[in-house]
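Worksheet for the structure shown next.
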Amino acid sequence: MLHSMTIEPEQQIGVGTQDAFQRLWTPHRMAYIQGENKPTGPGADDGCPFCSIPAKSDEDGLVIARGEKVYVVLNLYPYNGGHLMVVPYRHVADYTELDDAETVELAAFTKHAMTALRAASGAHGFNIGMNQGGVAGAGIAAHLHQHVVPRWGGDTNFMPVVGHTKVLPQLLADTRKMLADAWPVA
């Protein structure tokens, strides 16, 4: 956490020439960068957030839907508004470790997630995928999770390209409720 942050901007000497860009500060991202909510080891009892979320209420855990083998949760550090994950309850690291029932429900809940995101937000497309292992970009490599990231025409605007910043127009709790309400009834 940044301890020297102030409300008023401070003059910074020696940081380059002044430009015409406005600054959008996103200090909440610092928690992710510094490893907040990351497990201390590979085991289910090593602080795995995906193992602890199911014990929370849907609102507190940002859970959108629960199945027998998997659940759906909003990403706490989203790439886009509505970025969610389909997560098996069982603590497994690799896709090949899922049993057949887990694989089937993970696929079905991915389809339900797409349906809910289209209904709730009018998503035009999706990025869907898993990062298997830390070297492949998995933030929590010890517990498998599939990302479902909604996309809209024109959402690759200047903010992420130039500013390396995403603007999320809604609080996560509000997004969770909107998607839970739009979740297809089985």
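The values are calculated or read from the model by the stated rules, or taken from the named source; none is laboratory data. All of these numbers come straight from a predicted model, not from anything done at the bench. Glycine gets a Cβ as well: all are built from the backbone with ideal geometry, and neighbour counts include every protein chain shown. For accessibility, only protein heavy atoms count, side chains too; no ligands or nucleic acids. Shrake-Rupley method; radii C 1.70, N 1.55, O 1.52, S 1.80 Å.
Some values worked out for this structure:
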quantity: Solvent exposure ordering (accessible area, 1.4 Å, most first) of Thr103, Thr40; calculated: Thr40, Thr103
quantity: The stretch 91-150: C-alpha gyration tensor shape, a/c 1.5 cut-off, then a/b vs b/c; calculated: oblate
quantity: Tensor-based shape of the stretch 43-142 (alpha-carbon gyration tensor, a/c under 1.5 rounded, otherwise prolate or oblate); calculated: rounded
quantity: Of Tyr95, Ser121, Leu84, farthest towards positive along the dipole that unit charges on Lys, Arg, Asp, Glu beta carbons give the stretch 40-122; calculated: Ser121
